[in-house]
Structures are given as structure tokens and as C-alpha cells.
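The structure appears right after this line, and notes come after that.
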Amino acid sequence: MSRIIRIFDTTLRDGEQCPGASMNREEKLAVARQLARLNVDIIEAGFPIASVDDFEAVRLISHELEGPIVAGLARAKEEDIDRTWEALKGAPRPRIHTFLSTSDIHLKHQFRLSREAALKRAVEMVMRARGYVEDVEFSPMDASRSDPSYLYEVLEAVIDAGAGTVNIPDTVGYATPDEFGGLIKGIRENVRNIDRAIISVHCHNDLGLAVANSLAAVLNGAGQIECTINGIGERAGNASMEEIVMTLRTRRDFYEADTKIVTEEICKASRLVSSITGMVVQPNKAIVGANAFAHESGIHQDGLLKEKTTYEIMRPESIGLVQSKLVLGKHSGRNAFNTRLKEMGHELSQEELNKAFERFKRLADQKKEVYDEDLEAIITDEAYRIPETYMLRYIHVESGSDINPTATLEIEVEGKALTKVGKGDGPIDATYKTIVAITGTKSRLVSYDVKSITGGTDAMGEVMVRLEEDKKTAIGHGADTDIIVASAKAYLNALNKLVYWKKIKGPENKREK
Ligand code: KIV
Ligand code: ZN
């Protein structure tokens, strides 16, 4: 019988800390819902003291989500623990995750605390958190560079104080698999009361060893792994959830362990996180990269045609990678459309559904065949939307080999229609300069990407732009069979996110971690 390893997903907290990956609360809720469909055990929804938006996101997820435990991160400080509890209050199963460093490097240079003072504070804060919730997790930050005997002492004390999970972070991604496995073994053998807690691990990927270290920990008794979708996170990221889950599933024979993850939801989760954060998945990334199941060599293809297991250790269907399906056509009705969306895991509000259906009808008129991927693009475009300060009403662009590209746009700005004509170096430059002239915005275009959603010259193009203003970045998406229209929509979507961010940003909305 396989041991069940708990999956603690920190995409919304550690994952969100990586540069440019910040998400607004609606986007976080969409990711949290997908994590629930994946059946993760714990969702770390954010770091409530860090900003008003983090607090609100944790609160929203706590209220809206059923199923997984919802955790909030707190430094070992009274105000952090109290604020985290405030945010988590509505959750059916709340967890407070508190942390304090145990390495001498951190204690001396960052916290300016003696070992004794740090131990005392860790115990007091675990007890304070236990005053609010039954479920408390403690992380001795930089554990892998800490003196093991001091680490054992701290773990023993926080377990006595009421921590039910002790999480061992390799904060700077310094450990190697043998060493990290040895550390977990040492904890099991030297912490007197360790059988009263679950050992968790949290590995960073600075040396590319986060997954290997997490799996070495499983072999040595860890019962929970902290990880993120697509491995996003601080610096080189965290252990990637899909790699951990599929390794345990595929090599259950070796690890004698598995998870409760619904692996068929992996692809969808990977695409959602990539599209929301703008962090593109490298094509050769294990499990979810575009080439992960593409067999190019003739010998491999020959073997596969004869027997799949010759070169395939996992079935693409097991991660939800299915052949593009022709789903709907221009005669399909609202019911068929909604049923298909539900099958794909999207529950839309009535208003979102109306908008998406309108878009689908227009697309089906332009494009004979509408695929699942097209529907995903419409959903990304229409759902999880924030209030639209700027709305595209009309666009006409002229360009060619010997004319000066000119764009005419009508944009509704807070209910008022404004029209301008502008020129640029190309059709997209002309469009973007005209948008800037109409909206009077000052953001910088950091990146622009366009890709075709399905094959064929009538395919929809999906544009993703990254805009920056006041050190805040926003990702905008737009999809259309006309890539200039898609480009305009993507730019306006990013501008709307920046406006939204400014509106919800309160005076205390600052990041501390
Ligand atoms: O990397 C780390 O040490 C962390 C802790 C807060 C768990 O993210
Ligand atoms: Zn971390």
C-alpha cells in the first residue's frame, strides 16, 4: 500500500513572489479553484500582512473555497499572526503557517536574534496561532543551513507548543538530495516528539535540485511537500508540483508513495497559471512543456506505433493532454456551449456566460471549427475580468508595403467614447500609440508575444503584453482572429489591470517579503 503524501500548494504565495508574477484577487481565486479541482490538500493563499491585496485575496479564497485547507503565511510576530487569522476566519479549514529562521547566518545578520531568543519567539508565536486555530505549521527558515542540533531543539519545542506540521525549507536551494534526505532522517531520529507532527519540505530550485531534494525527503519520511504549479517562485522557483506528482504516480513502485492529486487537471492548471502570470513554460519542461510528449526521432516513432510503452512512461491523457477536439460549430446553442465549458471545468456567472457566448458566436461565424483551445482563449479573455475602465469600441488599421501605418480607434473611457487617429512604425505600433494618446497613460511596454491558438490560417491569435508603471507590472491578454484587434485588447486589458491595482491599493499596501 502506498503512503499518501500531502500536497501543499504555494503558487499563490511563494509562486506569486517571483518577479512579474503578481496576480490580482480575481486571478488568485481562479487559480485557487483550479487547485481545488486538482484536489491539493492545502492551498497557501497568500501572506496577509504583506499588503491589503494579499489580505483580501486570502479572505476571498477562505470564504469561497470548499475542500482544501486554506493556509496563510505569517512571520513569527504578533501582528502577523493576528492579521493572518483575520484573513483566514471564513475558511472551513484554516491553517496558520508561521516561520522564523534557525540558521546562524540569518539570525546574526538579518534578525539580530540569539538562538535562545529565536526559540522562545517561535514557541510563543506557535502558541498564539494555536489560540486561533487547531492547525498550525511552523517553518524554521534556512533549515538546511542550520546547525542540526539547534534545529532539533526548535522543532521539539514548537511541536510541544502545538505545531501539527513542521516544514523544513531549503530556502536558498543549497542542499543536495543525499544531504537533504539525511537531514529529514536526522529529524526523525533526533526529535523526541516528531511522531506528533507531519514533516513537510519546501525546496527551492537554485541548483535545479528542488524536485530531487523533495523526493529524497519522501524516501526519508516526509509526509507533505510544498510546491508550485510550473515550479514558479522566488528566484529559480520552487519544486514543481507536476513533476513531483507524476514522479510519485509513475514510480509508485519505487517510492511506495502517491498523492491524491487528480492528475488529469495538471495541464489546465499549468496553462492557467502561465497565462495569468505571463510566465511562459519552456518547451522542454518535464510533464507540461509543449514537447514533453512529442516524439521526433524516427526510431522512437516506429517503436511507439508498435507499442506505446516502448518510449512512453506516462500517458498524455493522464495529465489532461488530450487531442484537440472539434467541439462546437456556428449552429451550437447556449446549452451546448455551457455544457462544454462545464466539462472543461469553467463555472461562469450568468454575465460572464453571456459575454463568452456572444464571443463564441462571432468566432464561429469567422472560423468554421471551434476547438477546446479556442474556448479556453475566450474564457481567459472574458472571465476573471476586472472592471474595465477602458473598452475597445472600434478599430480600423491601414498598413502595407508603401503606406505609413495608421490606426483609428474608438475607446470608451469611463463611459465616454473617445476617438483618435495615430501613426506608427507598423500597425501594432500605430495602434499602441493611439491607445496611449486616447487614454493618456504612461506605462511602458515590457514585452509583447503573439501565438496562434490552433492550426490553420483562420486560427485565433492570442496576444500577451506586459506593461509596467510605477514598478508594478500587469499582464494583458487578447484573443481574436485578427491579431491587430487581439493586440489592442491585450494592451487595454493590461491598462485596466493597472488602474484596478491603483484603485484597490490602500496606503498600507506594501510588500515586506
Ligand atoms: O523559502 C522559504 O524558506 C519560505 C518559508 C517562508 C517557508 O518560503
Ligand atoms: Zn520559499
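The values are calculated or read from the model by the stated rules, or taken from the named source; none is laboratory data. Everything numeric here is computed off the predicted structure, so don't read it as measured data. Using ideal geometry, Cβ is built from the backbone for each residue, glycine included, and neighbour counts are taken over all protein chains shown. Remember, those area values only see protein heavy atoms, side chains included, never the ligands or the DNA or RNA. Shrake-Rupley method; radii C 1.70, N 1.55, O 1.52, S 1.80 Å.
Could you work out the helix-only [θ] at 222 nm for the chain, with each DSSP H run of four or more residues adding -39,500 (n - 2.57) and the total divided by the number of residues, to the nearest 500 deg cm²/dmol?
Values: 16 runs with 202 residues, N = 513.
After summing the helix terms and dividing by the residues of the chain, the value is -12500 deg cm²/dmol.
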Next item on the list: Please report Rg over Rh for region 106-193, where both radii come from the alpha carbon positions and Rh follows the Kirkwood definition.
Entry: 0.96
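Please give the length that would be gained between R251 and D195 if that part of the chain were fully extended, namely 0.36 nm times their separation in residues minus their C-alpha to C-alpha distance (nm, one decimal).
Length gained between R251 and D195: 17.5 nm.
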Notebook entry, point to check: Per residue, what volume in Å³ does the convex hull of the Cα atoms of the chain enclose?
Noted result: 169
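So if R0 is 51 Å, what FRET efficiency would M344 and R112 give, r being the distance between their Cβ atoms, rounded to the nearest 0.05?
Given R0 = 51 Å and the Cβ-Cβ separation, E is 0.45.
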Next item on the list: May I ask you to work out the translational diffusion coefficient for region 390-504 at 10 °C, viscosity 1.306 mPa s, via Stokes-Einstein with Rh from the Kirkwood sum over Cα pairs, reported in whole µm²/s?
Entry: 111
Next item on the list: Provide Rg and Dmax in Å for region 326-382, with only Cα atoms included in the calculation.
Entry: 9.9, 27
Notebook entry, point to check: If you stretched the chain out fully between S452 and M391, how much longer would it get, using 0.36 nm times the residue separation minus the C-alpha to C-alpha distance?
Noted result: 19.6 nm
Note to self: For the ranges 466-474, 445-453, what's the packing order if you count other beta-carbon atoms within 10 Å of each residue, average per peptide, and put the highest first?
What the structure shows: 466-474, 445-453
Check: Ignoring ligands, DNA and RNA, how do H63, H396 rank by accessible area with a 1.4 Å probe, largest first?
Finding: H63, H396
Check: For region 3-70 and region 345-379, what is the separation of their Cα centres, given in Å?
Finding: 27
Check: How many percent of the accessible area of the chain is carbon or sulfur, using a 1.4 Å probe?
Finding: 50
Notebook entry, point to check: Given L88, M1, V413, which one lies farthest toward the positive end of the charge dipole of the chain, if we put +1 on the Cβ of every Lys and Arg and -1 on the Cβ of every Asp and Glu?
Noted result: V413
Note to self: I want the antiparallel fraction of DSSP beta bridges within region 99-244, as a percent rounded to 5.
What the structure shows: 5
Check: Label-point separation (nm) for D425 and T310, each offset 7 Å from Cα along Cα-to-Cβ?
Finding: 5.0
Checklist line | Relative contact order of region 346-464, pairs being alpha-carbon contacts under 8 Å that are 6 or more residues apart, as % | finding: 18
Notebook entry, point to check: Residues of the chain: accessible area per residue at 1.4 Å, in Å²?
Noted result: 44
Check: By how many nm would the segment from D258 to R3 lengthen if fully extended, with 0.36 nm per residue of separation less the alpha-carbon distance?
Finding: 91.2 nm
Margin query: Rounded to the nearest 5, what % of DSSP beta bridges with both residues in the chain are antiparallel?
Written below: 50
